[in-house]
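The values are calculated or read from the model by the stated rules, or taken from the named source; none is laboratory data. Because the structure is a prediction, the values reported are computed rather than measured. Cβ sites come from the backbone with ideal geometry, for glycine too, and all protein chains shown count toward neighbours.
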């Protein structure tokens, strides 16, 4: 018996590459935004492996992430205004 191949509605569509996401796709600007040294920047860093004992909220992981962020911010002259470490992602509000 021959296995039937699943049909795709998007075979003839051009492939789009997104260098940014979310709400930017619905507005005028369709290009990458330059990094500004005057404005603060909101970074969201996410991990697919951070679950259970490997969660960012585990005591040893939380301390390690906090130390790494602080050390590299000092090394590269980045000012961190706020940080929020969640179970599988973290938010950084910073200025370069």
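For segment 62-70, indicate whether the set of residues that are at pLDDT 90 or above, within 19 Å of the chain's Cα centre (by Cα) and assigned to a loop (DSSP other than H, G, I, E, B) is non-empty.
No, the conditions are met nowhere in segment 62-70.
If residue 20 satisfies all but one of (1) under 19 Å from the mean Cα position of the chain (by Cα); (2) surrounded by 10 or more Cβ atoms within 10 Å (Cβ to Cβ); (3) over 17 Å from residue 96 (Cα atoms); (4) at pLDDT 65 or above, what's the number of the condition it fails?
Of everything listed in (1) under 19 Å from the mean Cα position of the chain (by Cα); (2) surrounded by 10 or more Cβ atoms within 10 Å (Cβ to Cβ); (3) over 17 Å from residue 96 (Cα atoms); (4) at pLDDT 65 or above, residue 20 misses just condition (4).
Cβ-Cβ below 9 Å, separation at least six or inter-chain, first residue in segment 59-80 and touching a residue at least 24 places away in the same chain (Cβ under 8 Å) and at negative phi, second in a loop (DSSP other than H, G, I, E, B) and surrounded by 10 or more Cβ atoms within 10 Å (Cβ to Cβ): which pairs?
Listed pairs, sorted by first residue: 65/56.
Per-residue answers, yes or no, for (1) at positive phi; (2) assigned to a helix (DSSP H, G or I); (3) in contact with a helix residue (DSSP H, G or I) (Cβ under 6 Å, 6 or more places away or on another chain); (4) modelled with pLDDT under 65:
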| position | (1), (2), (3), (4) |
| --- | --- |
| 8 | no, no, no, yes |
| 13 | no, no, no, yes |
| 25 | no, yes, no, yes |
| 31 | no, no, no, no |
| 45 | no, no, no, no |
| 53 | no, yes, no, no |
| 57 | no, no, no, no |
| 84 | no, no, no, no |
